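Data first, discussion second: the structure below is written as structure tokens.
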Amino acid sequence: MKLRYKIIMFAIIPLLLSFAAIALAVFYQTSLLAQQQRNTVEQAYLASKETELKHYVNLGVAAISHLYNAPLQNAATQEEAKAILAKLDFGDDGYFYLYDMQGKNLMHPRQSDLVGKDLWNLTDPEGNFTIRRLIAKAKEGGGAVRYLWEKPSTHKVAPKLGYVVALDRWGWMLGTGIYLDDVDNALNKIDAQNTKNSQSTMFWITSIAVISALLIAVSGLVLNISESRVAEAKLKALAQSVVRSQEDERARLSRDLHDGISQLLVSIKLQIESGIAKLGLPKTETESARVSFTRATSQLNETLGEVRRISHDLRPAMLDDLGLAVAFEHLAEEFMEDTGLPVRLQITGDISGLHDVSNTVLFRIAQEALTNIHKHARNASQVDIDLSGDQRMVNLIISDNGGGFDVPGIASHPKHGIGLSNMRERLATVNGQLALHSDASGTRVSALIPRSM
């Protein structure tokens, strides 16, 4: 995978992971809040219903209080009380019921078939003794009990909340209740709404995550296209620069050979021919022949010097013969002679043992940096060259005290900064690194090359 795609993936993956963590946290908190809301609503609803049932029971007790508190008590009085309670209801599923303390049903307006039966051992579908629990609660002083009972309107067993009290004088248990399936339906609607809200929240989080990832991908693609265009422009300019450099180098070599070496060789040829011609003259003219050969020898020396200069420009022989330190000393001396700027050269540590390619790269970078200082360093009065090495690295630092330049602007311009690009490309061939810093106080170029490539 290319580096640009890796960068995009490293940007998208943490974002998606963050959204996933947010989604999980929101889902957990939403579920917890929904459960708390359900419990709160259920408790509040049951508390209100329990209070309502207590009022109903008090109303039932009040309806028969004149009979219950009468001085004379008989079976007819109790039957009249049963009749009154049987007529008291509140809806199809709201009614009163009576049991004695041994579990015998005394009155049930909705299930008359239960009247007179002993239901002490009656159990619900879950195995609980329903009547025993109701009687126990009545003996404790009365209160609410949750149990399962057949709902008259549907003839199906449903959860029910009952409220019972004891009528101790007659040995009765009076109770009423409401069925809770409606409560469960209401709570289920709340759960469904909470689930829908949670799903909607997850949908929005997912949508935002996807849109964000797409925006990053599109932005990365646009950036890649822009960078590709800049890189292509730089590559095109670099290729043109390489071609121009090759042609310029060929033209320079052609001029040097034609204007320098060729003319010197022609002159030497004429001098030698003149000397040979003079050798046939009388002995008195031999001095003239000697002068011709002396001139030829001098011009041969000039020719050799010109050949050495051209060879040095192509590749300094000092790198191969005398090493990197001597080559840098010679380079510094040439720069001072050509520009008049003082150069401080400092070589520390161990710089030997580098590969020939690495030596050439360091030398060419130094040449390029010094050329840039000569052409572009405004008001520079001092140049420092620091070459140092250790067991792992060799570091070259070339600095000046000129006016500096805009590094980002030059680097992003497709037609400028070719020299800097050449430096980076040369270092890339030997796994080296280039660092560049420039401001109003000067420019500093640092090239770091590892000993092992």
When residues of the range 373-404 are limited to those that are polar (S, T, N, Q) and surrounded by fewer than 19 Cβ atoms within 10 Å (Cβ to Cβ), the one modelled with the lowest pLDDT: ASN379
Is it fair to say ALA239 is open to solvent by less than 70 Å² (accessible area, probe 1.4 Å) and under 23 Å from the mean Cα position of the chain (by Cα)? no
For the range 382-402, does any single residue satisfy the condition of being closer than 19 Å to ARG444 by Cβ, out of contact with any strand residue (DSSP E or B) (no Cβ under 9 Å at 6 or more places or on another chain) and not in a helix (DSSP H, G or I)? no
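Would you pick out the residues in the range 427-453 that are among the charged types (D, E, K, R) and without any contact (Cβ under 8 Å) to a residue 60 or more places away in the chain? Quick ask: steps written out before the conclusion?
Filtering the range 427-453 for residues among the charged types (D, E, K, R) gives 439, 444, 451.
Correct list: ASP439, ARG444.
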Hits in the range 36-69 (condition: at pLDDT below 85, hydroxyl-bearing (Ser, Thr, Tyr) and in contact with a strand residue (DSSP E or B) (Cβ under 9 Å, 6 or more places away or on another chain)): none
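Can you tell me how many residues in the range 39-56 are in contact (Cβ under 8 Å) with a residue 60 or more places away in the chain and either outside any helix (DSSP H, G or I) or open to solvent by 50 Å² or more (accessible area, probe 1.4 Å) (or both)?
Qualifying residue count, the range 39-56: 6.
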Listing of helices (runs of 4 or more DSSP H) fully contained in the range 217-327 that carry 1 or more residues being modelled with pLDDT under 75, closer than 30 Å to LEU354 by Cα and not β-branched (Val, Ile, Thr): 286-314, 317-321
Got a number for residues in the range 71-100 being under 19 Å from GLY177 (Cβ atoms) and in contact (Cβ under 8 Å) with a residue 24 or more places away in the chain? 13
Exclusive hit being open to solvent by 80 Å² or more (accessible area, probe 1.4 Å), over 21 Å from VAL164 (Cα atoms), at pLDDT below 85 and more than 54 Å from the chain's Cα centre (by Cα), set LEU33, LEU72: LEU72
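The values are calculated or read from the model by the stated rules, or taken from the named source; none is laboratory data. Since the structure is predicted, the reported quantities are computational estimates derived from the model, not experimental observations. FYI the Cβ positions are ideal-geometry reconstructions off the backbone, even for glycines, and counts take in every protein chain you see. Areas reflect the complete protein model, heavy atoms only, side chains present, ligands, DNA and RNA absent. Shrake-Rupley method; radii C 1.70, N 1.55, O 1.52, S 1.80 Å.
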